[in-house]
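Encoded as structure tokens, the structure appears first; notes follow it.
The values are calculated or read from the model by the stated rules, or taken from the named source; none is laboratory data. Worth saying up front: this structure is predicted, and the values here are computed from it rather than measured. With ideal geometry, Cβ positions are generated from the backbone for all residues, glycine too; neighbour counts draw on all protein chains shown. Accessible surface areas use protein heavy atoms only, side chains included; no ligands, DNA or RNA. Shrake-Rupley method; radii C 1.70, N 1.55, O 1.52, S 1.80 Å.
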Amino acid sequence: MTWETYSVLVVAKDIKNSTLMHSILVQPTFEVIQTTDFNEARRLCSEKVFNIVIVEFLDGSGTEFAIDISSHTSSILLIAPVQIFDQISYSVEPYGILTIKSPFDSFYFYNMIKIAVAVQYKVKLLSSQTVKLKEKMEEIRLVNRAKMLLMQKDGFTEQQAHRYIEKQAMDKSQKRLQIAEEIIKNYT
């Protein structure tokens, strides 16, 4: 098994929390960038996709920032004060944001990081499946368009057009998509 390196953005001001996080988020497993400024954090998120983003609540600014970037594929951990943890947690859950009570101990934080890593693995897997499905749907769309052109221009039936594309793909040792693209190019 090869070890993967996870990029982590930490947006925090609390020295105690930062020290604890840095003691757990060590290289080579984690590549950590830390900032205390949300504008800097937004800029960093626009330039790079982080696997994990850890954000302190910071009078609500952290919540706003976490929600703003929740459409990214990052696992987001929001550190919320224990007094308002439930309220914050319920408000950010619909955005897929995980919450951590502050103050926290190293065991609790370590387990939350493990959860974030597991979520990242699932996101990566689902993203790759989504890409494959989109490619397959595009192939089906183009093959159907090529069949339609064969039916309109050459009077093929749907079955004949399907068989023609399949046979051309076999004879030329090409994919159906390539044959469909050739047909579309020739008729348009």
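Taking amide H positions as modeled 1.01 Å from N, with prolines and chain starts lacking one, the residues under 5 Å from Val10 and 5 or more places away or on another chain are Ile33, Gln34, Thr35, Ile54.
Give me the extension gain from Asp171 to Ile184: residue separation times 0.36 nm, minus the current Cα-Cα distance, reported in nm with one decimal.
Numbers: separation 13, 0.36 × 13 = 4.68 nm, distance 1.85 nm.
Between Asp171 and Ile184, full extension yields 2.8 nm more.
For Asn39 and Glu135, compute 0.36 nm times the residue count separating them, minus their Cα-Cα distance, and round to one decimal in nm. Let's see the in-between values first.
On the way: separation 96, 0.36 × 96 = 34.56 nm, distance 3.62 nm.
Stretched out fully, the Asn39 to Glu135 stretch lengthens by 30.9 nm.
In sequence order, the range 40-53 has phi-based couplings of 4, 5, 4, 4, 4, 5, 6, 8, 8, 8, 8, 5, 10, 10 Hz under the Karplus curve 6.51 cos²θ - 1.76 cosθ + 1.60, θ = phi - 60°, and Gly or Pro positions carry x. Nearest 10 degrees, 0 to 90: what angle lies between the long axis of helix 106-154 and the longest principal axis of the chain (Cα atoms)? Long axis of 106-154 versus the principal axis of the chain: about 20 degrees. Rolling a 1.4 Å probe over the protein heavy atoms leaves Val117 with an accessible area of roughly 30 Å². Here each label is just a point 7 Å from Cα along the line to Cβ, and for Met148 and Ser89 those points are 5.2 nm apart. For the chain, the solvent-accessible area of protein heavy atoms averages 62 Å² per residue (probe radius 1.4 Å; ligands and nucleic acids excluded). Quantify, in whole percent, the carbon and sulfur part of the accessible surface of the range 106-188 (1.4 Å probe; protein heavy atoms only). Its accessible area is 58 percent carbon and sulfur atoms.
Taking amide H atoms as placed 1.01 Å from N in the peptide plane, the amide H of Gly96 has no partner under 5 Å among residues 5 or more positions away or on other chains. The sum of -39500 (n - 2.57) across all DSSP H runs of n ≥ 4, divided by the residue count of the chain, sets its helix-only mean residue ellipticity at 222 nm to -20000 deg cm²/dmol.
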